[in-house]
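The values are calculated or read from the model by the stated rules, or taken from the named source; none is laboratory data. Note that the structure is a prediction, hence the values are computed from the model and not measured. Note that each Cβ is placed from the backbone with ideal geometry, even for glycine, and that neighbours are counted across all protein chains shown.
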Amino acid sequence: MTIRRLPEGLVNRIAAGEVIERPASAVKELVENAIDAGARRIGVTLRDGGRSLIAVADDGTGMTADEMELAVERHATSKLPDDDLVRIAHLGFRGEALPSIGSVSRLSITSRTADADSGFRLDIAGGVKQPVAPAAMTRGTRVEVRDLFFATPARLKFLKSERAEQAQALAVVRRLALACPEIGFTFDDDRRTVLRLEPENGELFEARLGRVSAILGRDFRDNAVPIDAEREGIRLAGHAGLPTMNRGNAEMQFLFVNGRPVQDRLFTGAIRAAYMDVLARDRHPLLALFLEIPPDMVDVNVHPAKSEVRFRDSGIVRGLIIGAVRHALAEAGHRASSTLTGAALGAFQGGGRPALPLRAAWGGYRPGPGASPGMMEAAADYQAPLAAGEGRLEGTLRPEAPAALAGGAAIVPETAPGDHPLGAARAQLHGTYVIAETADGIVIVDQHAAHERLVMEKMKAALGERDVPRQMLLLPEVVELDEASVLRLADRADEFAELGLVLEPFGPGAIVVRETPAPLGQCDVKGLARDLADELAELDQSVSLKERLDDVCATMACHGSVRAGRRLNQAEMDALLRQMEVTPRAGQCNHGRPTYVALSLADIERLFGRR
């Protein structure tokens with residue numbers, strides 16, 4: 001087979017296939033060029049999802065006629081003045097975008113510099129370039145891409161619907177707008193302006209917050225914690241959403257390296273690890289993180305679309321992300337997202353069974369003579385607080401004041417609603433939910449979810465200092481399992497002992513549990529052993545339990561917490577609230593579900609038409 005050189009047109013179309021996958025790819029390249037040109041305002045227009053027209057206009061530095069001629073040649077760029085691929089300070093630098101787009105579309109470029117008397121225009125159709133001609137133009141550049149992929153019609157078959165392609169292009173613009181809050185952006189389609197962002201002024205951190213609020217919404221701004229951490233010359237800043245504000249996909253995760261939007265597996269893994277013990281595996285947090293790193297410590301030239309990067313020391317970057325996000329979430333304490341309040345109000349207003357005709361105060365409802373059986377059942381569900389000492393749950397909650405959590409005397413003072421953020425317990429409903437009165441509303445607490453988080457944090461704190469303290473079972477618990485599960489647990493017996501769980505084989509089809517972690521109190525030993533055996537089945541044998549500490553602790557905590565349906569007395573309910581207030585991440589359980597919902601008095605008054 002004879003070796004030959006490919007024709008120039010075919011080379012350009014091959015390059016276009018690598019760089020321009022769909023309309024969104026062309027939008028990305030053109031907007032990045034506008035940003036690198038120093039634009040303060042950038043406008044993007046799409047028709048038919050980008051098939052018939054993509055137009056990007058900016059007020060940047062513009063190009064002369066000679067520069068315009070050179071700009072459409074392959075590997076021509078103004079962004080590597082020293083030919084240094086180590087220190088890249090611009091978004092685009094390969095010099096492939098314009099010639100690649102021009103080889104598969106009808107490309108028109110009009111540009112004018114600030115000191116020129118007029119502008120110039122250059123047209124390319126399917127890679128065939130026309131002479132540069134004078135044109136009317138204000139300062140800046142306007143690039144129009146018409147009939148994308150007309151020269152490679154096979155690529156058109158792989159495009160999705162008009163709406164889907166437009167959504168992809170809009171997502172690209174949003175990411176670039178987040179990276180450059182000082183630039184104003186507009187995005188138009190055939191009918192309307194889809195996105196309009198004014199330039200953000202002020203200090204960079206505040207400007208980014210303003211832009212994040214405009215793109216992710218006001219709810220995100222109100223329910224996000226600030227991130228600002230530095231390690232070995234690498235800085236991470238931005239905002240991370242509370243775990244209780246999450247989505248079913250990762251579309252609302254925005255990650256940047258030196259102002260460049262990236263979608264990198266290292267970031268994805270680090271974020272999942274940071275939220276591991278506060279969010280279910282099938283849910284994703286909302287966040288916007290900006291990593292500033294010396295250019296010689298990162299390689300941005302590893303992917304044609306420049307969407308991936310490679311770090312010289314990925315361990316430092318991963319550790320910085322995990323540590324900074326976890327620390328910020330812990331600093332948030334028991335805080336849960338305010339969007340839960342809106343969801344709760346929507347549930348109240350959305351219909352369902354009619355409200356009960358209350359005939360007395362909250363604590364003394366009795367159905368009237370004509371009450372239906374359903375009303376009688378609802379009344380029976382209400383449980384007034386037990387008297388102190390009545391029906392105590394030994395080993396689960398101790399009625400301690402916050403100052404006594406470290407081991408002081410168990411003193412339970414009379415609690416006033418305004419004394420604490422989560423208020424004073426007033427009732428328990430359905431054996432599951434604690435109702436507390438605050439200074440300006442009420443709080444509804446899921447007792448199982450809340451106590452699950454408290455137990456887990458106690459176990460993690462104990463492990464950080466020493467082995468978890470154990471409690472010996474008066475009667476060892478024999479748990480029947482299949483032989484494979486028994487072997488898995490027996491192989492890790494020493495590691496489980498460090499976590500406070502002492503077990504050993506008891507014949508071919510059972511294990512015996514002799515001691516359990518003290519923080520669990522009275523736990524479901526059989527359920528715990530079975531769940532741990534199931535987790536080990538999915539765990540690599542080379543991975544130690546301490547490397548998966550969060551998962552193991554979460555499983556243990558779930559079986560050691562106060563179960564739904566168990567009645568708590570007044571002291572225990574108040575103790576639960578006080579411990580939540582001083583426990584990190586107490587606003588959500590180990591699976592990412594909220595532990596409480598707060599309703600202000602104003603919210604309640606709106607429900608009843610008082611506002």
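Computed quantities for the displayed model
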{"quantity": "Options 169, 224; residue that is touching a Phe, Trp or Tyr at 6+ places or on another chain (Cβ under 9 Å) and touching a residue at least 60 places away in the same chain (Cβ under 8 Å)", "calculated": "169"}
{"quantity": "All positions within the range 126-155 that are assigned to a helix (DSSP H, G or I) and either among the charged types (D, E, K, R) or in contact with a Leu (Cβ under 8 Å, 6 or more places away or on another chain) (or both)", "calculated": "155"}
{"quantity": "Residues located in the range 479-497, provided they are closer than 22 Å to residue 522 by Cα and touching a helix residue (DSSP H, G or I) at 6+ places or on another chain (Cβ under 8 Å)", "calculated": "479, 481, 489, 496"}
{"quantity": "Filtered residues of the range 238-260 (kept if part of a strand (DSSP E or B) and surrounded by fewer than 20 Cβ atoms within 10 Å (Cβ to Cβ))", "calculated": "247, 253"}
{"quantity": "Helices (runs of 4 or more DSSP H) wholly inside the range 1-83 that include at least 3 residues being surrounded by 15 or more Cβ atoms within 10 Å (Cβ to Cβ) and at pLDDT 90 or above", "calculated": "23-36"}
{"quantity": "Complete set of residues in the range 482-524 that are touching a His at 6+ places or on another chain (Cβ under 9 Å) and buried (at least 21 other Cβ atoms within 10 Å of the Cβ)", "calculated": "520, 523"}
{"quantity": "Residue identified as part of a helix (DSSP H, G or I), at pLDDT 90 or above and over 30 Å from residue 595 (Cα atoms) among 196, 208, 235", "calculated": "208"}
{"quantity": "Extreme residue, surrounded by the most Cβ atoms within 10 Å (Cβ to Cβ), among residues of the range 588-611 that are at pLDDT below 85 and within 26 Å of residue 518 (Cβ to Cβ)", "calculated": "588"}
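Matching residues to (1) within 20 Å of residue 586 (Cβ to Cβ); (2) part of a helix (DSSP H, G or I); (3) at pLDDT 85 or above; (4) among the aromatic types (Phe, Trp, Tyr):
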residue	(1), (2), (3), (4)
461	yes, yes, no, no
464	yes, yes, no, no
478	no, no, yes, no
484	no, yes, no, no
489	no, yes, yes, no
519	yes, yes, no, no
527	no, yes, no, no
537	no, yes, no, no
